[in-house]
Amino acid sequence: MRTYSGMALRAPKEQLLTHLDRGIMGNILRLSGAKERDLQLKLALVQSITEVSCAIQAVGDCGSFELSLKREAMWTLLDWIKGEPWDSLVYGVFQALEELSKLRPPLSREENRKLLSVCCQTVLSRPSKERMKKGRKTVRAAVNMQLLHRRCMEDLGHLLETLLEAEKTSACFDDVVHVLKGWLTSAKEWERERALQVCAHVLGACKERFELMRGRPCEQFGSLVGLLATLTSDCLATSCQRAWVCLGYLLQMQAKTMEVVPQADEIRCFCEELNSPDTEIPVETCTKIAKAVCKCIPPAQATDFLTAVLDSLLHVTPTRARAVWAWVFVFLEECRKEILQEVPKILNTLCTYMQQSTHRPFLLRAVFLLARFHREPLITSLLRKGPPMDSDTVELWRSLGRSTIGIQVLRCLVEKLNRAGNNRLWTRFPAWERHNRQTALETLTITRAISEVVLALRSTEELRQLLPHLLRSLLRWASETLGKERLLSPRNGWRQLFLEGQVLEEKPCRIFLLAVELVLGKCMAQTWMQLLMRQAVWARLEDPLAHPEGLRLLRSVLLQAGLVSPSLVKSLLPRLRS
């Protein structure tokens, strides 16, 4: 094998290509198939393939020449790598693959993925340094093995860089990121550390030579940032440092694709700080980098970022969870203007992780931030989750009610209840029936949300100020639903919802009256509530024949308690005469 590769290095360039494919490479591969493969044979195979590949490149302009045995040579090396134990890998095998990958014909995307997967599996899955030391009989042997592994890590980085150069599109970069993601989320800290080292090499190369990205922005920027963000609080200090370095490179790459780069000068300063030899990075620098990175996340990749962060929490210890969630909060605050159209998707992403009880306080905080900056779209999205309203949705409404924006959320719900059913359709009966059902569903969901928010609301004084609007809307819908119940129409929207199981109350007006009772219980003293019970006001309000009388009694008690004004009484007059 060494003789054939030596011939390739010394042959005249004008004669080499005609004898190379079958005459030289074919014989090398034939001789490598010996039954007894000792260390010398493996070393000779690696060196021979490397020398032949270099000889082809030394020719210069090869025209249309393609090495037909390229794939066979590559799969010979890969099959051998997969079958080797971790401590007997020959140095230089990745260099051979690197030189071979520079030749034509190019590999298909599936072949590239297989190459990436096998090489990363071979290098990144090695045991930890401590286990390597235990497995060696002498200290010198342990040091040599660590040196071999370090060189293999460097060679792997160069191989990935070469694959990026050979690829005409940015698909190879996507494949590299896809393979590395599996190792960046490994449960073994030494595997995460090695994956970060390779990731830093690849991103650093792309940052210095942006042509490797083929002029395209990173389509996995959001998910990659989310993944690296969780690793900035890794248990290994070296992993934290490398994660910050990777984010710095990624930030500079993304900045090259943006017309207006936010804080361009600061980004360069941050990256200079990251490249300093000190392991510890100042907290202020970390916060500034996090803000700068989050501002560069495209709105369409917001859910990718959040999914990557939330998925990683499955493997994060409780002590690290707070630092990871800080990234989510920074993103929601810094990108509040850009993510307006993505609020429904972001809310759905957050809600899918509600079952993780250890992270519930952080999830509720994230939903609060969304509501604080985008109250209307968040409430609209949250209302789509019912009925029936599950326990997670109930907890979300109550957390909003307890928050500092609780009364604003309640005011928004009341406005929606006022507007519900205003756009009535009278064109055709099926359209009217469908609209009737949608209105019933909408008012029910809004009323349930109002009840949960009022239950958790802390400010009674602000609730009293909103009371006229609340009573007017709730009593209006209680009266309307009571009238529809009395018609006993088989096409009644409320009756259909009850039969489908979306409404648990057979008398839908009771849902609105329970909300009225809850609101008044928050605003009035207990003696007035007892008076309403003694006068059977609630029972009268549920009875179609006694409903006007119930409204008169309710008006009287509210006037005595000083909770209503003449304007509210005037708005209730149509109901009293119904």
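Of the listed requirements (1) at pLDDT below 95; (2) touching a Lys or Arg at 6+ places or on another chain (Cβ under 9 Å), residue 402 misses just one: (1). Exactly one of these conditions fails for residue 396: (1) assigned to a helix (DSSP H, G or I); (2) open to solvent by 30 Å² or more (accessible area, probe 1.4 Å). Give me its number. Among (1) assigned to a helix (DSSP H, G or I); (2) open to solvent by 30 Å² or more (accessible area, probe 1.4 Å), the lone unmet condition for residue 396 is (2).
Of all the listed residues (162, 185), the sole one being modelled with pLDDT of 90 or more, of a type in the set (Ser, Thr, Tyr) and open to solvent by less than 20 Å² (accessible area, probe 1.4 Å) is 162.
Taking the criterion of being crowded, with 18+ Cβ neighbours inside 10 Å, assigned to a helix (DSSP H, G or I) and modelled with pLDDT under 90, the residues of the range 305-319 that qualify are 312, 313. Taken together, 243, 205 contain a single residue that is under 25 Å from residue 313 (Cβ atoms), open to solvent by less than 20 Å² (accessible area, probe 1.4 Å) and either modelled with pLDDT of 85 or more or part of a helix (DSSP H, G or I) (or both), which is 243. Residues that are modelled with pLDDT of 90 or more and either outside any helix (DSSP H, G or I) or touching an Asp or Glu at 6+ places or on another chain (Cβ under 6 Å) (or both) within the range 439-473 comprise just one, 457. Residue 302 - would you say it is assigned to a helix (DSSP H, G or I), touching a residue at least 40 places away in the same chain (Cβ under 8 Å) and surrounded by fewer than 18 Cβ atoms within 10 Å (Cβ to Cβ)? In short, no. When the range 330-352 is filtered for residues that are open to solvent by 40 Å² or more (accessible area, probe 1.4 Å) and either under 26 Å from residue 390 (Cα atoms) or in a helix (DSSP H, G or I) (or both), the ones remaining, listed by number, are 333, 334, 340, 341, 344, 345, 348, 352.
Within the range 1-44, the set of residues being open to solvent by less than 30 Å² (accessible area, probe 1.4 Å) and of a type in the set (Ser, Thr, Tyr) comprises 5, 32. Taking each residue of the range 413-441 that is surrounded by 11 or more Cβ atoms within 10 Å (Cβ to Cβ) and looking for partners that are modelled with pLDDT of 85 or more and not in a helix (DSSP H, G or I) with beta-carbon atoms closer than 7 Å, six or more apart or interchain, yields 439/420. If only residues of the range 47-83 that are more than 15 Å from residue 17 (Cβ to Cβ) and out of contact with any helix residue (DSSP H, G or I) (no Cβ under 8 Å at 6 or more places or on another chain) are counted, the one that is most open to solvent (accessible area, probe 1.4 Å) is 79. Counting only residues that are open to solvent by 40 Å² or more (accessible area, probe 1.4 Å) and not polar (S, T, N, Q), the range 524-535 holds 4 of them.
Condition first: more than 22 Å from residue 454 (Cα to Cα), without any contact (Cβ under 8 Å) to a residue 60 or more places away in the chain and of a type in the set (Asp, Glu). Can you find one or more residues in the range 537-544 that meet it? Yes, the range 537-544 contains a residue that is more than 22 Å from residue 454 (Cα to Cα), without any contact (Cβ under 8 Å) to a residue 60 or more places away in the chain and of a type in the set (Asp, Glu).
The values are calculated or read from the model by the stated rules, or taken from the named source; none is laboratory data. Owing to the predicted nature of the structure, the values given are computational and were not obtained by experimental measurement. Quick reminder, even Gly has a Cβ in these numbers, built from the backbone with ideal geometry, and neighbours come from all protein chains shown. Ligands, DNA and RNA are excluded from the accessible area calculation, which covers all protein heavy atoms including side chains. Shrake-Rupley method; radii C 1.70, N 1.55, O 1.52, S 1.80 Å.
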